[in-house]
Amino acid sequence: MTYNFYSRLRETAQLSDREWASLQFELDPLRGKAPAGQEKKIIAAALACAAWQAEQLLSRYGRKAPSAIAAEYGLKIRHTDTSSGSHPILSTYEPAARIITLYDKTLRLLSSTLRQRSFSDWQTGSLEEIAIAHELYHHLEEIGPRLFTAHHSIVLWRVGSLMYRSHFPSLSEIGAFHFSKLVCGLSYHPMALSLLALHKTKPAEADSLLAKMTSK
């Protein structure tokens, strides 16, 4: 399974951003609530939103490192070796504290695996900078303008004039992954790094997700 996983992971570089976004949306707990026939439009709008934000950022800062851009926004970057939960993640963002946390244990594991498995073409960018770019997008969602990925909502139920609306959680992640890919100029989709990290702790789950990608 190990060889098969890594060889198939390499193949994902050929997949489109829309295909990656479709997988993320497929995992959304509210996916079944999407209006009929609107799923593709919602995904396209999320990608367009992230692309527009990346264009604005690159126009203003050029290829400045995401960590330096984060500093311009007054964000603090914290490093920790503690676990982030049952699933390995690279980073998180705390809006109230304006802190991006990098999980060094996961980042070191990824860096080592990329070297051992000869993913040389995936080592052109700093894993830390890719993670920071991802969280920087979440900060942009917080400070506005009202970005589609953070504010698009649907009505879950309605009773008379009362209604309850909710967001698709996956849209924010679709946007953050696409944004980090564009800002960091990656030749592969950064969600592949999450799959690689997942494979080190939950190989069956990672293999199942990757199978969905490569069978599309």
Notebook entry, point to check: What number goes with the only condition from (1) assigned to a helix (DSSP H, G or I); (2) in contact with a helix residue (DSSP H, G or I) (Cβ under 9 Å, 6 or more places away or on another chain); (3) modelled with pLDDT under 95 that PRO35 does not pass?
Noted result: (1)
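Determine, yes or no, whether LYS40 is among the basic types (Lys, Arg) and either modelled with pLDDT of 95 or more or buried (at least 17 other Cβ atoms within 10 Å of the Cβ) (or both). I'd like the intermediate steps shown before the answer.
On the way: among the basic types (Lys, Arg): yes; either modelled with pLDDT of 95 or more or buried (at least 17 other Cβ atoms within 10 Å of the Cβ) (or both): no.
Spelling it out, it is not the case that LYS40 is among the basic types (Lys, Arg) and either modelled with pLDDT of 95 or more or buried (at least 17 other Cβ atoms within 10 Å of the Cβ) (or both).
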Checklist line | region 109-147, residues that are open to solvent by 70 Å² or more (accessible area, probe 1.4 Å) and at pLDDT 90 or above | finding: GLU128, GLU142, ILE143
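Yes or no: TYR6 within 26 Å of GLU129 (Cα to Cα), without any contact (Cβ under 8 Å) to a residue 12 or more places away in the chain and among the hydroxyl-bearing types (Ser, Thr, Tyr)? Spell out how you get there, then give the answer.
Numbers: within 26 Å of GLU129 (Cα to Cα): yes; without any contact (Cβ under 8 Å) to a residue 12 or more places away in the chain: no; among the hydroxyl-bearing types (Ser, Thr, Tyr): yes.
Spelling it out, it is not the case that TYR6 is within 26 Å of GLU129 (Cα to Cα), without any contact (Cβ under 8 Å) to a residue 12 or more places away in the chain and among the hydroxyl-bearing types (Ser, Thr, Tyr).
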Check: Looking only at region 86-101, which residues are part of a strand (DSSP E or B), of a type outside the set (Phe, Trp, Tyr), open to solvent by less than 50 Å² (accessible area, probe 1.4 Å) and under 15 Å from TYR137 (Cβ atoms)?
Finding: SER91, THR92, ILE100
Next item on the list: For region 188-216, enumerate the residues that are surrounded by fewer than 18 Cβ atoms within 10 Å (Cβ to Cβ), part of a loop (DSSP other than H, G, I, E, B) and at pLDDT 90 or above.
Entry: LYS202
Check: Could you count how many residues in region 52-85 are exposed (fewer than 14 other Cβ atoms within 10 Å of the Cβ), among the small types (Gly, Ala, Ser) and in contact (Cβ under 8 Å) with a residue 12 or more places away in the chain?
Finding: 2
Notebook entry, point to check: Hey, among the residues in region 5-37 that are charged (D, E, K, R) and closer than 28 Å to LEU114 by Cβ, which one's most open to solvent (accessible area, probe 1.4 Å)?
Noted result: ARG18
Notebook entry, point to check: Looking only at region 53-76, which residues are closer than 10 Å to LEU136 by Cα and in contact with a Leu (Cβ under 6 Å, 6 or more places away or on another chain)?
Noted result: PRO66, ALA70
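The values are calculated or read from the model by the stated rules, or taken from the named source; none is laboratory data. Since the structure is predicted, the reported quantities are computational estimates derived from the model, not experimental observations. All Cβ positions, glycine included, derive from the backbone under ideal geometry; neighbour counts span all protein chains shown. To get the accessible areas, we keep the full protein, side chains included, count just its heavy atoms, and leave off ligands, DNA and RNA. Shrake-Rupley method; radii C 1.70, N 1.55, O 1.52, S 1.80 Å.
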